[in-house]
Amino acid sequence: MLELILKRLGTAIPVLLAVITLTFLMVHSAPGGPFDAEKAVTPEVLAKLNAKYNLDAPLWKQYSDYLLGVMQGDFGPSFRYPSRSVTELIMTGLPITFELAVYAILFALMLGVSAGILGALKPNTAYDYLPMTTAMLGICIPSIILGPSLILTFGIWLELLPVGGWGDMPGDKILPTITLGTAYAAYCARLTRGGMLEVLNQDFIRTARAKGLSEFRVVIVHALRGGLTPVIAFLGPAMAGLLAGSFVVETIFGIPGLGRFYVEAAFNRDYTMILGSSIFFSCLIISFNLLSDVIAASINPKLR
Amino acid sequence: MESNQPSLFREAVGRLTSNRLSLFSCIYISIILVVAIITPFIAPYDYAFQDLDLGPAPPSSEHLLGTDTLGRDLLTRMMYGSRISLMVGFLATTVALVIGVMWGTIAGFVGGKTDAIMMRIVDVLYGIPFIILIILLMVIFGRNLILLFMAIGAVEWLTMARIVRSQVMGLSKQEFILAAEAMGVRKINIIFRHLIPNAIGPVIVYATLTVPQIMLLEAFLSFLGLGVQAPLSSWGILIRDGAVSMEEYWWLLVFPSLTFSLTLFSLNFIGDGLRDALDPRSGP
């Protein structure tokens, strides 16, 4: 187990370094200086600005300073909001994005796993076709369509739920959660069905049934453990997708999370913020992949 | 490439069209493709033409699907938009296909240390969260269409390379490849004449499923304002414009959303249908 974790860490760290270097070089090769947009600044002010953002040092020095800072969790000051540091901005948005992602993944797991089990227990019946066709629809309707459609239906026409915000009004977390979670619920349903079908045909399940265990115990205790392996392996990539999806969902619903900060920084050309949050997102995604690999291996010894 | 194996191809087409949903999907995609190609000749208006006096009008006989807030004809903008979305989807898939097939074939055929190094590179690249890098690329180097699909294509080849490699590894142990080697056929000819045509089935399936993924990515970026820029249009831009004004002008959201969803749905169904049709395990 420890060996596996170390091995995966051995891959993750070079990847992370490569991402940091790549993003750093990309941002620094951006055409035009970061202060070109400002009204004509005097040379003294420009020199001060450059000093504040460490832009007067040679590139390798900037890079090594930045890397040292990142290791201590310091992404430097924001270009756009000079009084605030990038770390501070990330920390304001992170809890909200995290909450949204957790709700979405819980929604996806609850809905997807139960639909998948149902489909696998009664394959090729209406209990199978109905959820699986719905799942196909869920995969094909992207969040950029689902979000506005949900707002139009439940927010504007039926006036049942708030059309935006996060934690300001009761029920305003429901639509964003559904928008973000639906596609993953659909994937979970398909993966659970596939995994369960495979496990349910195996000998140990026949043995469990022959012992006279209740169907509930056979399915939930014995089969689900193996049948869920594909879902767990999917959780890492899903988390990466959820974080990217949060860009869209937070923009649609006006949620003040990390995703919206990122998109705003992209528009404002707030280079330090883009650089910092890109690296932060990459770290998160890489860690989630690592975590889901380790969990999948601890459930299924064959993967070790 | 299908001409090398007419029987397999004809059989696959037969099986694909026997499934009604796949058949419907094929017809729908063909219509969309044809319309997209001949759009410049049949579009009722110019895509940037604004009728500001008219403003946003609901569907009528003048403007079949209505007009947007600037008085631009929605049908025209959807036709031009599908051109861009489909172009990004197909061109990026082609880029991914070319890189992935070459990489996978060489790794699988040469084997040994070359294979180990090449697949190690794929593993490492797999770990990189490319969506972030693509956004960064769009921010820094401007919203350049060519750059966009090059970048997306350069990301999507990884899975393709893995699929092709495992296909080629299985094939290269078979007798006809050994025979070709024994007869002194040059390696480059073995790769192009024997390996790639035989490994193409799963590649076609995966390519069909890659097109909707890439179109989705393009729509996603354009929706955020980081992809295609106005006055050009794409499905992502049309849906964003529709979402902004959906409260008063529902048609601006509904029509682009429906055509885009149907396109994604059809492409996915064709991919699934092709998988069934080309899967050798399902037998003739």
query = Which helices count as membrane-span-like in chain A under these terms: full DSSP H, at least 24 Å along the axis by C-alpha, Kyte-Doolittle mean of 0.5 or more?
reply = A:2-28, A:86-121, A:174-200, A:229-253, A:271-299
request  = Report, as an integer, the average count of C-beta atoms from other chains found within 10 Å of each Cβ along B:107-118.
outcome  = 0
query = When each pair of different Cα atoms in chain A is counted once in the 1/r mean, what is the Kirkwood radius in angstroms, to one decimal?
reply = 22.2
ask   = Within 10 Å of each Cβ of A:136-142, how many other protein chain Cβ atoms are there on average?
value = 6
key: Semi-axis lengths, Å, segment B:135-284, gyration tensor of Cα atoms, sqrt of 5 times eigenvalues   = 42, 20, 9
ask   = Out of B:Ile132, B:Ile29, B:Ile37, any idea which swings most in a Gaussian network model of chain B, alpha carbons joined below 10 Å?
value = B:Ile132
ask   = Taking +1 at the Cβ of each Lys and Arg and -1 at the Cβ of each Asp and Glu, which of A:Leu290, A:Trp157, A:Phe75 sits farthest along the dipole of chain A towards its positive end, judged by Cα position relative to the Cα centre?
value = A:Leu290
request  = Just subtract the alpha-carbon distance of A:Asn54 and A:Phe98 from 0.36 nm times their residue separation and send over the number in nm, one decimal.
outcome  = 12.7 nm
key: Cβ-placed point charges (K, R +1; D, E -1), dipole of the protein assembly as shown about Cα centre in debye, nearest 20   = 2120
query = Which residue, B:Gly89, B:Gly112, B:Gly66, tops the fluctuation ranking in a GNM of chain B built on C-alpha contacts under 10 Å?
reply = B:Gly112
request  = Using a 1.4 Å probe on the heavy atoms of the protein chains only, list every residue of segment B:228-254 that has 50 Å² or more less accessible area in the complete assembly than in its chain alone.
outcome  = B:Met246
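Before rounding to the nearest 500, sum -39500 (n - 2.57) across all DSSP H runs of length at least 4 in the protein assembly as shown and divide by the residue total; then give [θ] at 222 nm in deg cm²/dmol.
Rounded to the nearest 500, the figure is -24000 deg cm²/dmol.
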inquiry  = Binning at 10 angstrom from zero up to the longest distance, how are the C-alpha pair distances of the protein assembly as shown distributed in percent?
reply    = 3, 14, 24, 27, 20, 10, 3, 0, 0
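What part of the accessible area of segment A:86-303, given as a whole %, is carbon or sulfur when the probe is 1.4 angstrom?
It is 68 percent, rounded to a whole number.
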key: Accessible area (Å², per residue) of the protein assembly as shown, counting only protein heavy atoms and a probe of 1.4 Å   = 48
request  = Would you mind working out the magnitude of the charge dipole of segment A:86-303 relative to its Cα centre, with +1 at each Lys and Arg C-beta and -1 at each Asp and Glu C-beta, to the nearest 20 Debye?
outcome  = 940
remark   = For peptide B:209-219, the mean count of other chain Cβ atoms within 10 Å per residue Cβ is 1
GNM top mover of B:Phe260, B:Phe176, B:Phe269 - chain B, alpha-carbon springs below 10 Å = B:Phe176
key: Length-normalised contact order of chain A in % [C-alpha pairs under 8 Å, at least 6 apart]   = 25
inquiry  = Buried accessible area between B and A (1.4 Å probe, both chains summed, ligands and nucleic acids excluded), in Å² to the nearest 100?
reply    = 3400
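The values are calculated or read from the model by the stated rules, or taken from the named source; none is laboratory data. It should be emphasised that the depicted structure is a prediction, and the values quoted were computed from it without experimental measurement. Cβ coordinates were reconstructed from backbone atoms using ideal geometry, including for glycine residues, and neighbour counts include every protein chain displayed. What goes into the accessible areas is simple: the full protein's heavy atoms, side chains included, and nothing from ligands, DNA or RNA. Shrake-Rupley method; radii C 1.70, N 1.55, O 1.52, S 1.80 Å.
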